[in-house]
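Engineer: What follows is a structure written as structure tokens; I'll ask about it next.
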Amino acid sequence: FPTQSFFWGGGQRVSGFLEGIGNINNLKNEIESLNTKNQELIYQNAQSINLAQENRTLREALGIGLEKEFKMSLAEVAGKDISQDSILVNQGARDGISSGMAVVTGQKALVGRVGEVYENFSKVTLISNKESSFNVEIPGKEILGVIRGKGNFKIYMDLIPQEKEIKEGDVIITSPLGGIFPKGLVVGQISKILKSDIDPFQRAEINSAFDIQRIKLLFIILGY
């Protein structure tokens with residue numbers, strides 16, 4: 001019975017083919033399941049890292065007593081706009097944020113202040129923005145001046161009286177004059193002195209106290 005033998009053999013081949021398809025589908029399902037589990041693990045790991053970062057930032061803030069000086073809200077950096085020297089944070093009107101509030105790091109370094117506020121996020125104008133200017137002082141020397149933004153994450157101190165002695169490394173903090181920021185926030189350190197005999201004031205380039213490339217979590221000062 002050759003014909004019967006042929007069809008029986010063909011049936012076996014078809015059966016094996018279908019079984020192979022079934023195995024492939026099972027393998028695909030297993031791969032998809034593993035991918036899903038892997039994505040879940042990656043997400044959980046990312047959440048753990050974020051939580052660890054938040055805890056570390058909070059510990060730093062508590063370590064220097066920020067919570068005793070200010071009422072604050074922890075915010076996460078959601079985006080950076082280099083061209084405008086601004087950043088976005090994930091706190092907005094629903095979180096009690098309003099325009100003009102100071103934004104600092106856990107080390108009390110001044111980053112900027114809240115500009116535009118939306119329901120779920122806010123735009124923070126950095127101190128390096130060209131429209132930014134505020135009063136500062138050099139503690140212990142009774143030297144006042146004004147910080148001005150140069151753009152591209154750079155700042156300088158202006159209107160320093162010629163007769164005042166300043167040096168590289170001097171720390172700059174916010175002054176209560178003008179009422180823009182609370183007193184004592186760390187702005188940065190003098191990196192270069194710019195002096196001219198014909199100018200009644202001297203200026204100084206300042207290294208900001210924060211690194212724009214590394215900041216991820218910030219505090220918005222709600223009140224003081």
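Engineer: Can you give the accessible area of Leu74, probe radius 1.4 Å, in Å² rounded to 10?
Structural biologist: The accessible area of Leu74 comes to roughly 50 Å².
Engineer: If you take every DSSP beta bridge whose two residues both sit in segment 91-224, what share of them, in percent to the nearest 5, is antiparallel? Each step should come with its number before you reach the end.
Structural biologist: Details: 36 of 37 bridges.
Taking every DSSP beta bridge within segment 91-224, about 95 percent pair in antiparallel fashion.
Engineer: Right, here's the next one. Can you give the accessible area of Phe201 in Å² (nearest 10), computed on protein heavy atoms with a 1.4 Å probe?
Structural biologist: 80
Engineer: While we're looking at this one, here's another question. Just to verify a number: what accessible area does Glu119 come out at with the full protein assembly present, 1.4 Å probe, Å² rounded to tens?
Structural biologist: In the full protein context, Glu119 sits at about 110 Å².
The values are calculated or read from the model by the stated rules, or taken from the named source; none is laboratory data. Every value quoted in this text rests on a predicted model; they were computed, and no experiment measured them. The protein model used for the area step is the full one, side chains on, heavy atoms only, and it has no ligands, DNA or RNA in it. Shrake-Rupley method; radii C 1.70, N 1.55, O 1.52, S 1.80 Å.
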